[in-house]
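Undergrad: Got a structure here, written out as structure tokens. Questions coming.
FYI, it's all coordinate maths here, none of it is from the lab. Since the structure is predicted, the reported quantities are computational estimates derived from the model, not experimental observations. Please note: Cβ atoms are built from the backbone with ideal geometry, for glycine as well, and neighbour counts cover all protein chains shown.
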Amino acid sequence: MEKTIIAGTGRYVPPRAVTNQDLEQWMDTSDEWIRQRSGIEKRHWVPEEGGVGSSDLGFEAARIALDRAGWEPQDIELIIFATLSPDIYFPGSGCLLQHKLGLNTTPALDIRQQCSGFVYGMSIADAYIRAGVYQRILFVGAEVHSTGLDISTRGRDVAVLFGDGAGAVCLEGIETDAPIGFLATTLHAQGELAESLMLELPSHRLRPSLTEEMLKSGRHYPTMDGRAVFKNAVRRLPEVAKETLAKAQMDTEDIDLFIPHQANMRINQGFQKAMQLPASKVFHNIQHYGNTTAASIPMAFDEAIEANIIGAGNAVMFLGLGSGLTWGATIYRFPD
Ligand code: UT7
């Protein structure tokens, strides 16, 4: 039977580290507020002058993942690029990355599931591979949030949370009957709650889609009803984890590590409590990177592999919730 295995992972953040203390210079906030509410200590942002896009960060992460998989760019049969902060409005960053990788006509698919981009992306890659359509797929989740944030007191509820970064994974089909690869996946969305976390402008339902007036009002910056999203996350993440475990006929003890999206350490600690897990089974790295949306799970995955927390034979659950709302979970077992 055709199964999907992850042949290599990589991550990249731009070198400029921005601490909570740095943010205090630009807005009315404090290191204490940010740490207590979210667990974040610093994040990485692209150079202030700009010029670096999601496809650039994605390229760096992809190079590492390709190297670890032992692939050349020419081995890639499909690129899946997850981002809410594309280099340009269209075409998607997947096309730009394809060109940067020196590829000619390799297909590139952009997906827009925000913080659930990794989980949705894995389900797409796995379905293509198991259906025999493609054998080698590169997934990249990458975000440049910093250039699109309101870095002032007006935007502080959102601006302090987000970081730039990229994570990449190489997915490969293998023929085996062993219980490895993606064992179960659950995806959900609830458009009713779209406005609880959104970037409204430019909007093609308006004519013109962007005006001076709109820019002044700040509607081209992301807005979030933090409490509503928080409440949904602490409810939906345990729910979708249990749904996915049941599909795979597994228990929490069968999972070696839970890698949740890194939106808020308190959300993930709430998840840990609700699932009655030991703290060591839930991975956190939000302290160093903030919320990197589509990049957060693949970056955390890469870091957990590098730190030897997970590897051969282990089972991992990836899960996340974010704008859409979208949420989901997937269980992956490494080959022995
Ligand atoms: O990845 C996508 C999914 N996103 C999430 O999962 C995020 C979910 N939400 C959260 O993580 C939390 O709701 C936040 C971290 C965003 C906020 O934490 P909170 O405990 O819900 O705080 P709050 O929004 O209720 O704000 C509390 C107070 C407010 O002041 P008042 O009204 O109590 O006087 C805010 O104005 O904190 C104020 N505040 C800040 N103060 C200092 C908001 N932002 C800041 C700030 N610095 N950056």
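Undergrad: Residues with beta-carbon under 14 Å from that of Asp150, excluding Asp150: net charge, scoring Lys, Arg +1 and Asp, Glu -1?
TA: Values: positive: Arg154, Arg156, Lys216, Arg219; negative: Asp28, Asp157, Glu200.
Every neighbour counted, the sum reads +1.
Undergrad: Further question: Would you calculate the volume per residue, in Å³, of the smallest convex hull containing every Cα atom of the stretch 166-220? Write down the numbers at each step before the final one.
TA: Details: hull volume 10.0 nm³, N = 55.
Taking only Cα atoms, the stretch 166-220 has a hull volume of 181 Å³ per residue.
Undergrad: Which whole-number percent gives the relative contact order of the chain, counting Cα pairs below 8 Å spaced six or more residues apart?
TA: Details: 804 pairs, mean separation 87.9, N = 336.
Once normalised by length, the contact order is 26 percent.
Undergrad: Could you tell me which chymotrypsin sites (Phe, Trp or Tyr not before Pro) in the stretch 1-55 are loop residues by DSSP with no more than 16 other beta carbons within 10 angstrom of their beta carbon?
TA: Trp26
Undergrad: Measuring from the lowest to the highest alpha carbon on each principal axis, how far does the stretch 63-129 reach, largest first, in angstroms?
TA: Extents along the principal axes: 29, 26, 20 Å.
Undergrad: Rounding to the nearest 10 and keeping the result within 0 to 90°, find how far the Cα-based axis of helix 265-274 lies from the longest principal axis of the chain.
TA: 50
Undergrad: Taking loop as defined by DSSP and a crowding limit of 15 other beta carbons within 10 Å, which GluC sites (Glu not before Pro) in the stretch 18-59 fit? Write down the numbers at each step before the final one.
TA: Working: sites: Glu24, Glu32, Glu41, Glu48, Glu49; in loops: Glu41, Glu48, Glu49.
Filter output for the stretch 18-59: Glu48, Glu49.
Undergrad: Would you calculate a helix-derived [θ] at 222 nm for the chain, using -39,500 (n - 2.57) for each DSSP H run of n ≥ 4 and dividing by the full residue count, to the nearest 500?
TA: Working: 11 runs with 109 residues, N = 336.
Theoretical 222 nm ellipticity from helices: -9500 deg cm²/dmol.
Undergrad: Calculate, in whole percent, how much of the Cα-Cα pair population of the stretch 289-336 lies beyond 16 Å.
TA: Numbers: 519 of 1128 pairs.
Tail fraction, whole percent: 46.
Undergrad: Mean 1/r over all different Cα pairs, inverted: what Kirkwood radius does the chain give, in Å? Present the calculation step by step, with values, prior to reporting the outcome.
TA: Details: mean 1/r = 0.0501 Å⁻¹.
Result for the chain stands at 20.0 Å.
Undergrad: The stretch 37-78: Rg/Rh from Cα coordinates, Kirkwood Rh?
TA: Numbers: Rg = 14.9 Å, Rh = 12.9 Å.
On the Cα set of the stretch 37-78, Rg over Rh gives 1.15.
Undergrad: Counting just the Cα atoms, what span does the stretch 2-175 cover along each of its three principal axes? Round to the nearest Å and put the largest first.
TA: Dimensions of the stretch 2-175 along the principal axes of its Cα atoms: 55, 30, 25 Å.
Undergrad: Pairing the Cα long axis of helix 296-306 with the longest principal axis of the chain, what angle in degrees results, from 0 to 90 and rounded to the nearest 10?
TA: Helix 296-306 and the main axis of the chain meet at about 50 degrees.
Undergrad: Then there's this: Give the relative contact order (percent, whole number) for the stretch 4-112; include only Cα pairs under 8 Å separated by 6+ residues. Spell out each step's value before the answer.
TA: Values: 143 pairs, mean separation 30.2, N = 109.
Normalised by residue count, the contact order of the stretch 4-112 is 28 percent.
Undergrad: Can you compute the equivalent ellipsoid semi-axes for the stretch 223-308, i.e. the square root of 5 times each eigenvalue of the Cα gyration tensor, sorted largest first and rounded to whole Å? The partial results should precede the final answer.
TA: Working: eigenvalues 80, 65, 25 Å².
Each semi-axis is √(5λ); the values are 20, 18, 11 Å.
Undergrad: In addition: So for the stretch 181-333, what percent of the C-alpha to C-alpha distances run longer than 21 Å?
TA: Numbers: 5637 of 11628 pairs.
Here the long-distance tail beyond 21 Å is 48 percent of all Cα pairs in the stretch 181-333.
Undergrad: Under a point spin-label approximation (7 Å from Cα along Cα-to-Cβ), what is the Ile174-Glu200 distance to one decimal in nm?
TA: 5.0
Undergrad: Assuming 1.306 mPa s and 10 °C, estimate D for the stretch 100-245 with Stokes-Einstein, Rh taken as the Kirkwood radius over Cα pairs, in µm²/s. Show your work: numbers first, answer last.
TA: Working: Rh = 18.5 Å.
Answer from the Stokes-Einstein relation: 86 µm²/s.
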